[in-house]
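S.K.: The structure's right below; bear with me while I get my questions together.
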Amino acid sequence: MPGRTRPVEKIAKASAQCSVEVAAYGKCVVADYNSVHKDMCAKEFMRLKNCYLAASKKG
Amino acid sequence: MISLRTFRASLSSPCFTPLITVRKYASQTPGNPMLEVFNRKVKHLQKDRAARNVEESRKVDYLKDEVAMRLCERLLDIKRDFPNVLDLGANSCNIARAITSPNLDSSMPEGTITPPLSKKISKLTCVETSHALLHRDENDPFNKEIDIQRDVIPDLETLPYAPNSFDAVLSSLSIHWINDLPALLAQVNTILKPDAPFIAAMFGGDTLYELRGSLQLADMERRGGVSPHVSPLADVKDVGSLLGRAGFKMLTVDVEDIVVEFPDTFALMKDLQAMGESNAIMNRDSAPLSRDVLLANEAIYRSLHMEEGDRGIPATFRLIYMIGWKEGEGQSQPLQRGSGDINLKDVLEGGDFNRP
């Protein structure tokens with residue numbers, strides 16, 4: 001459908017602007033990937049999400 | 001759902017008291033009860049929807065075209081003509097495109113012009129469940145170079161063809177969505193003429209292992225549990241016994257990895273969807289992946305699989321190629337076990353074991 005950006009494209013575009021936060025969160029999970037549990041990296045994820053929300057507002 | 005409701009209604013109706021009590025033994029469901037892994041209806045919808053967006057769907061044909069080419073290269077090794085060929089699960093007739101393209105034989109020296117394979121094939125029957133996908137490219141030029149018959153059938157697991165009717169059955173990237181693979185292979189064996197080959201390529205075992213792993217980690221960290229997002233696939237070591245069980249002889253199975261680079265996980269998932277290859281497992285989470293899990297997945301995938309200095313992420317597709325022959329008279333037979341008089345060790349020049 002021309003003229004319409006799909007939601008996934010918006011997420012891709014916004015998350016590309018948060019490479020630092022993406023790397024930090026990924027590192028946190030991968031550091032101990034044999035015993036991942038819920039909210040293990042909640043702090044890092046909130047940073048990533050805040051950055052993402054800010055970026056998606058701008059875009 | 002509906003059947004449950006009618007059952008309840010009949011329970012609450014006043015005339016429930018049975019007049020005659022019939023006792024029955026507990027028995028197994030009639031027919032051949034089978035474990036359903038994939039939801040065929042969902043798969044059909046995914047393929048149809050994907051193909052209706054013609055432009056996107058053509059753009060993501062890179063993988064299917066490549067595999068169809070590699071599959072047809074295997075057909076070159078068989079020096080005979082095939083009057084009547086079936087393409088089982090044809091997608092958008094990628095095999096037809098491959099066999100009509102000239103110079104398929106990459107082993108020939110540069111510059112030699114070899115005729116397209118379609119010279120050896122008089123008639124190609126393409127069968128597929130999705131009408132939109134099958135008929136997507138019916139006006140392309142390659143259609144004029146070969147006699148194509150397009151059949152849309154409701155279900156790939158029951159083939160409407162007479163026994164002993166095809167000189168070869170090909171299948172490219174389709175049978176990994178089949179619930180009852182042994183039954184399908186047995187049917188293929190039946191519709192083949194004696195001493196005719198079945199040549200197929202399917203996604204196997206470790207396909208998309210990166211995505212499978214990182215989605216699991218993302219699910220665990222964000223939601224505290226795992227649900228299946230990538231379909232289960234057959235393993236290489238199972239394929240040989242599957243073919244043998246269906247009655248095929250002289251089996252050849254080999255494996256090949258194709259690694260595709262994507263800019264990010266979102267592009268990977270978008271392409272999979274446009275190919276009509278998204279998850280269609282039974283009891284899957286019907287809601288789409290949440291944005292949080294998608295974001296987490298992107299981060300985890302990158303830190304696990306992206307090489308230092310690369311711009312994109314790798315995604316592995318593992319292809320299993322299989323060739324099996326229907327039993328026929330005068331077919332060459334494998335030699336008896338132990339009848340070899342050449343030591344393989346001498347041929348391969350190796351082995352760590354010492355002579356006694």
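Every number here is computed from the coordinates shown, using simple stated rules; none is lab data. Source: prediction; values computed, not measured. Methodologically, a virtual Cβ is constructed for each residue, glycine included, from the backbone with ideal geometry; neighbour enumeration extends over all protein chains shown.
S.K.: Using the Cα atoms of chain B, I'd like the radius of gyration and the largest Cα-Cα distance, Dmax, both in angstrom.
M.R.: 24.2, 86
S.K.: Right, something else. Taking 45 Å as R0, compute the FRET efficiency from the Cβ-Cβ separation of residue B:80 and residue A:34 and round it to 0.05.
M.R.: Numbers: r = 54 Å, r/R0 = 1.20.
For R0 = 45 Å, the calculated efficiency reads 0.25.
S.K.: Which value, in debye to the nearest 20, describes the size of the charge dipole of chain B about its Cα centre when Lys and Arg Cβ atoms bear +1, Asp and Glu Cβ atoms bear -1, and nothing else is charged?
M.R.: Values: 41 positive and 50 negative charges, 347 e Å.
It comes to approximately 1660 debye.
S.K.: At 0.36 nm per residue, and after removing the present C-alpha to C-alpha distance, how many nm does the segment from residue B:332 to residue B:292 gain when stretched out fully?
M.R.: In short, 8.6 nm is gained.
S.K.: Which of the three applies to the protein assembly as shown, rounded, prolate or oblate, going by the alpha-carbon gyration tensor with a ≥ b ≥ c and a/c under 1.5 meaning rounded?
M.R.: Judged from the Cα gyration tensor, the protein assembly as shown comes out oblate (a/c at least 1.5, b/c at or above a/b).
S.K.: Test of understanding: ordering B:222, B:245, B:311 by Cβ neighbours within 10 Å, fewest first, what list do you get?
M.R.: Listed from fewest to most nearby Cβ atoms, that is B:311, B:245, B:222.
S.K.: Quick check on my link table: of B:123/B:144; B:43/B:64; A:43/B:270; B:123/B:249; A:10/A:49, which ones sit more than 20 Å apart, alpha carbon to alpha carbon?
M.R.: Those over the limit are A:43/B:270; B:123/B:249.
S.K.: Report, in debye and to the nearest 20, how large the dipole of the range A:19-58 comes out about its Cα centre when Lys and Arg carry +1 and Asp and Glu carry -1 on their Cβ. The partial results should precede the final answer.
M.R.: Numbers: 7 positive and 4 negative charges, 50 e Å.
Here the range A:19-58 has a charge dipole of around 240 debye.
S.K.: Sort out for me the Cα centre separation of the range B:130-168 from the range B:202-263, rounded to whole Å.
M.R.: Each part reduced to its Cα centre gives a spacing of 27 Å.
S.K.: Okay, helix-only estimate at 222 nm for chain B: each DSSP H run of n ≥ 4 adds -39500 (n - 2.57), divide by all residues, round to 500 deg cm²/dmol; what do you get? Don't jump to the answer; show the numbers that get you there.
M.R.: Working: 12 runs with 123 residues, N = 356.
The per-residue figure over chain B is -10000 deg cm²/dmol.
S.K.: Do you know the relative contact order of chain A, to the nearest whole percent, from alpha carbon pairs under 8 angstrom that are 6+ apart?
M.R.: With pairs under 8 Å counted, the relative contact order is 49 percent.
S.K.: Lys/Arg Cβ at +1, Asp/Glu Cβ at -1, dipole of the range A:19-58 taken about the Cα centre: which of A:50, A:19, A:29 is farthest positive-ward?
M.R.: Working it through, the farthest residue towards the positive pole turns out to be A:50.
S.K.: Got the relative contact order for the range B:231-356 handy, in percent, Cα pairs under 8 Å and 6 or more residues apart?
M.R.: Relative contact order, the range B:231-356: 41 percent.
S.K.: Would you work out which of B:281, B:339, B:301 lies farthest towards the positive end of the dipole of the range B:252-356? Charges go on Cβ: Lys and Arg +1, Asp and Glu -1.
M.R.: B:281
S.K.: Taking only C-alpha pairs under 8 Å that are 6+ residues apart, what is the relative contact order of chain B in percent? Display every interim value, and only then the final one.
M.R.: On the way: 554 pairs, mean separation 68.1, N = 356.
About 19 percent, as a whole number.
S.K.: How large is Rg over Rh for the range A:19-58, taking Rg from the Cα atoms and Rh as the Kirkwood inverse mean of 1/r across Cα pairs?
M.R.: Computed over Cα atoms, the ratio is 1.05.
S.K.: Give, rounded to the nearest 20 debye, the magnitude of the charge dipole that the protein assembly as shown has about its Cα centre when Lys and Arg contribute +1 at Cβ and Asp and Glu contribute -1 at Cβ.
M.R.: 1880 debye
S.K.: Quick check on chain A: helices-only [θ] at 222 nm, where DSSP H runs of length 4 and up contribute -39,500 (n - 2.57) each and the sum goes over total residues. Nearest 500, please.
M.R.: Values: 3 runs with 40 residues, N = 59.
Calculated at 222 nm, the ellipticity per residue is -21500 deg cm²/dmol.
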